[in-house]
1. Quick one: in the range 132-146, which of the residues that are in contact with a strand residue (DSSP E or B) (Cβ under 9 Å, 6 or more places away or on another chain) and part of a helix (DSSP H, G or I) is surrounded by the fewest Cβ atoms within 10 Å (Cβ to Cβ)?
C-alpha cells in the first residue's frame, strides 16, 4: 500500500470525527464547565471579606480618660461613615510604631468644611496624638465584592 493512500485514509477518518464529534464529549464537557462555574459562585458566596479603611488621624483634645469620648480629625472619606453602620471598631497607631496599637470605637462623626471629625470611645489609652487609623467595617461576601466591582466599572466606562 502506498504511503499516500494511508494518509488519505486517515485524513478521511479524522475528517469524519471532526465533522461530527461524539455526543458524550460535548455533554460531559458542558457538564464539567457548568459544575466548575457553579462551584466558583457557591464558594465565592461563602467567603467573607472584612472591609478595612485606612488613613491618618490627629487628636483634637488632649485629655484622654478611660471610657471617655474624644474627637479625632481624619482624612477618611465621609462616605465611609454614611455607608457603614455605626459604631465601628478602629485601631490607632503612632506613625513611628505601627505595632503599638490602641483599640477604640467610633460612636459618631460630623463633617465641617469637608473635614471629617470622629467621636471615639477608647478602650485602652495610648500616648499618640497623631498617626494611622484603620477602621474595621462589616464584612461582605466575595460574590458581592465581585458584583460591585463589575457594576462600578461598567458605570464608569462609556459605551
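The values are calculated or read from the model by the stated rules, or taken from the named source; none is laboratory data. A quick note: this is a predicted structure, and the numbers were derived from the prediction, not measured. Here the Cβ is made from the backbone with ideal geometry for all residues, glycine too, and neighbour counts use every protein chain on show.
1. The first filter runs over the range 132-146 and keeps only residues in contact with a strand residue (DSSP E or B) (Cβ under 9 Å, 6 or more places away or on another chain), leaving 132-142, 144-145.
Still in the list and also part of a helix (DSSP H, G or I): 142, 144-145.
Numbers: 142: 16, 144: 14, 145: 16.
Top of the filtered list is 144.
Matching residues to (1) in a strand (DSSP E or B); (2) modelled with pLDDT of 85 or more; (3) within 22 Å of the chain's Cα centre (by Cα):
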position	(1), (2), (3)
28	no, yes, no
31	no, yes, no
42	no, yes, yes
52	yes, yes, yes
64	no, no, no
70	yes, no, no
90	yes, yes, yes
106	yes, yes, yes
